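> Sharing a structure with you now.
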Amino acid sequence: MQNSEQIWTLVDAKREAFTALSDRVWGMPETCYTEHRSAAEHLAEMQRQGFRVTEAVAGIPTALMGEAGEGGPVIAILGEYDALPGLSQEAGVAEHRPIPGNGNGHGCGHNLLGSAAMLAATAVKDWLAKTGTPGRVRYYGCPAEEGGAAKAFMVREGAFSDVDIAITWHPNAFLEVAEPLSLANTRIDFAFHGRASHAAASPHLGRSALDAVELMNVGVNYMREHMPSDARIHYAMIDGGGIAPNVVQAKARVRYSVRAPELPDMLDLLERVKDIARGAALMTGTKVDIHVLSAVSNLLGNEPLEQAMYDTMLRLGAPEWDEADRAFAHDIQSTLSAGDLATSYRKVGVQPKEGVPLCDAVVPRDSKRKPMIGSTDVGDVSWVVPTVQAHAPTYAIGTPGHSWQLTAQGKSPAAHKGMVHVAKIMAATAVATLEDPALIAAAKADLAERTRQTPYVSPLPDGVEPPLAAMAMSAS
């Protein structure tokens, strides 16, 4: 308890610098692998705080690592700072009001994620110096979580090979130890090549790449009836072949995301999608090029670390909100549907509370959750390093992820309070591992048992490199 209170004081001592960092990154939303200004802000803050900094980790220009301390175990605290396209929004208003510009917005709260993670790492750095405890803390600034799988590439290049424990978090409506559930995922492009022709005067000479894309999409949609119910497939048109309907489209490209709870099931499903693409090319007399952009594994849990983090949450409790926080959260909730609110509570297995717009308690670990899950590149880290993740409240209950409402709350006082709160949880969890070699040993034994029969194999195919150019093009 005493050491927890000490580390919490060290977090509070630096809170203003890191809420300011979060707000600056919110104001420069950059998507997958294009986070140059955001990474520069994180680099400058690490240097101000006295970290030993490594740039371009794993050869990725916007990936960073800062280290402090000497000897002992290595504790990694993972941050992110990428935004999303199409979620631009003015801060602090409960109505849809996009900001003129590139259309990007922090609709997943990664401006907070990275800042809180570095705040926690800074507090642990200061604690190591103050106490003389052997050990090192690292802040990993990780780009491109939204579809770019940067951590999977970083794992493949050995960026975490000497790390003993990894700790991270994600903005949420509730305070809980995150359930170790995520979907293995591959993001993949299908580029069809046909033959242009006059669509009226010589249609028989054309071979439509757009037709191939449409047939592929139809085929995948029919396949949905015959795939596991917990798998997911989505697609987005990247290139429809032009704007002239009187020209048979000679090229077209579609991007797919294929997901399943376990990596082998995802890979099997992916092969079926590839076969459908090849069939669509055969039917239309076109050719198809298939290119994997990124891939991530499903998350693995770690019981000793999850219990240690939960114990810290119970000691600290929930954030303290004021009337202004609750009033703005109520305003945001007025823009949501009943389904939004019900889904939010159902995910964590908590009974709805009338008139409570912000989380006011720690969600019990044994709560009967009904999660709806996505994918994260934290999954790949969890296969090679014992990993634990917190969820912390930074927005109103019911706020959907990847929404303008989430972007609107990204600079609010409540978001800042939640960010500082989770920094205390992560920092205290890190201190618990540094003070207790048995906890680190138990965490490592847990991971060894989980991977004993299924050792980690990177989901990235041989030869696939971080899709810097492709993602930059799609983000522009």
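The values are calculated or read from the model by the stated rules, or taken from the named source; none is laboratory data. This structure is a prediction, so every number in the text was calculated from the model and none was measured. Glycine gets a Cβ as well: all are built from the backbone with ideal geometry, and neighbour counts include every protein chain shown. Remember, those area values only see protein heavy atoms, side chains included, never the ligands or the DNA or RNA. Shrake-Rupley method; radii C 1.70, N 1.55, O 1.52, S 1.80 Å.
> So how long is each side of the stretch 45-124 along the principal axes, counting just the alpha-carbon atoms, biggest first, in Å?
51, 27, 20
> Evaluate the distance, in nm, between pseudo-label points positioned 7 Å from the Cα of E303 and of M283 along their respective Cα→Cβ axes.
My value for the distance between the label points is 4.9 nm.
> Another question, then. Measure out, as a whole number of angstrom, how far apart the alpha-carbon centroids of the stretch 230-285 and the stretch 345-371 sit.
What the calculation gives is 38 Å, centre to centre.
> Further question: If you count only protein heavy atoms with a 1.4 Å probe, what accessible area per residue comes out for the chain, rounded to a whole Å²? Provide the component values of the computation, followed by the final result.
Values: 19180 Å² over 476 residues.
Per residue, the chain has an accessible area of 40 Å².
> On average over all directions, what projected area in square nanometres does the stretch 1-54 have, based on the convex hull of its Cα atoms?
4.9
> Sticking with this one: Using every pair of alpha-carbon atoms in the stretch 310-396, split the distances into 10 Å bins beginning at 0 and state the percent of pairs per bin, rounded to integers.
13, 40, 35, 11, 1
> Quick check: residue separation of R97 and R52 times 0.36 nm, minus the Cα distance between them. What number comes out in nm?
Answer, rounded to one decimal: 12.1 nm.
> Any chance you could check the Cα centroid distance between the stretch 138-163 and the stretch 1-59 for me, in angstrom?
16
> If the viscosity is 0.890 mPa s and the temperature 25 °C, what translational diffusion coefficient in µm²/s does Stokes-Einstein give for the stretch 122-229 when Rh comes from Kirkwood over Cα pairs?
Numbers: Rh = 20.0 Å.
Calculated translational D: 123 µm²/s.
> Across bins of 5 angstrom width beginning at 0, how are the C-alpha pair distances of the stretch 344-468 distributed, in whole percent?
Reading the bins upward from 0: 2, 8, 12, 15, 19, 16, 13, 11, 4, 1, 0.
> Let me ask you something else. May I ask you to derive the FRET efficiency for E5 and V356 from their Cβ-Cβ distance with R0 = 35 Å, giving the value to the nearest 0.05?
0.80
> Give me the angle, in degrees from 0 to 90, between the Cα long axis of helix 36-49 and the longest principal axis of the Cα atoms of the chain, rounded to the nearest 10.
The answer is roughly 20 degrees.
> While we're on this one: Convert each backbone phi in the stretch 339-348 into a coupling constant with the Karplus relation 6.51 cos²θ - 1.76 cosθ + 1.60 (shift: θ = phi - 60°), then list the ³J(HN,Hα) values in order as whole Hz, x for Gly and Pro.
Calculated HN-Hα couplings, in order: x, 4, 5, 4, 5, 4, 5, 4, 4, 9 Hz.
> I'd like the orientation of helix 263-284 relative to the chain: the angle between its Cα long axis and the longest Cα principal axis, in ° from 0 to 90, rounded to 10.
Its long axis makes an angle of about 20 degrees.
> Here's something else I'd like to know. Under 18 Å from a label point 7 Å along Cα→Cβ of R272: give me every residue in the stretch 247-264 with its amide N that close.
256-264
> Tell me what the chain gives for mean residue ellipticity at 222 nm when only DSSP H runs of n ≥ 4 count, each as -39,500 (n - 2.57), the sum divided by the residue total, rounded to 500 deg cm²/dmol. Walk me through the intermediate numbers first.
Working: 15 runs with 197 residues, N = 476.
Result for the chain, helices only: -13000 deg cm²/dmol.
> Less than 22 Å apart at the alpha-carbon level, and either on another chain or at least 8 residues along: which lysines does that give for K347?
Result set, ordered by chain and number: K368, K370.
> Using the beta-carbon distance between A244 and A338 and R0 = 45 Å, what value does 1/(1 + (r/R0)^6) give for FRET efficiency, to the nearest 0.05?
0.50
> Which value, in Å³ per residue, describes the convex hull spanned by the Cα atoms of the stretch 215-293?
It comes to 98 Å³ per residue, whole-number rounded.
> Calculate what fraction, in whole %, of the accessible area of the chain sits on carbon and sulfur atoms when a 1.4 Å probe is rolled over the protein chains.
53
> Next question. Starting from the Cα of A17, move 7 Å in the Cα-to-Cβ direction to define the label point; list residues of the stretch 118-156 whose amide nitrogen is under 15 Å from there.
Output list for this probe position: 118-130, 139.
> Something else: With labels modelled as points extended 7 Å from the Cα through the Cβ direction, what inter-label distance (nm, one decimal) is found for R369 paired with E465?
3.8
> Related question: M223 label point, 7 Å along Cα→Cβ, cut-off 18 Å on backbone N: hits in the stretch 244-272?
253-272
> Can you give the percent of C-alpha pairs in the chain whose distance is more than 38 Å?
25
> Same structure again: 7 Å from Cα along Cα→Cβ at both R37 and R195: what's the point-to-point distance in nm?
Distance between the two pseudo-spin positions: 4.8 nm.
> Would you mind telling me the antiparallel percentage of the DSSP bridges in the chain, rounded to 5?
70
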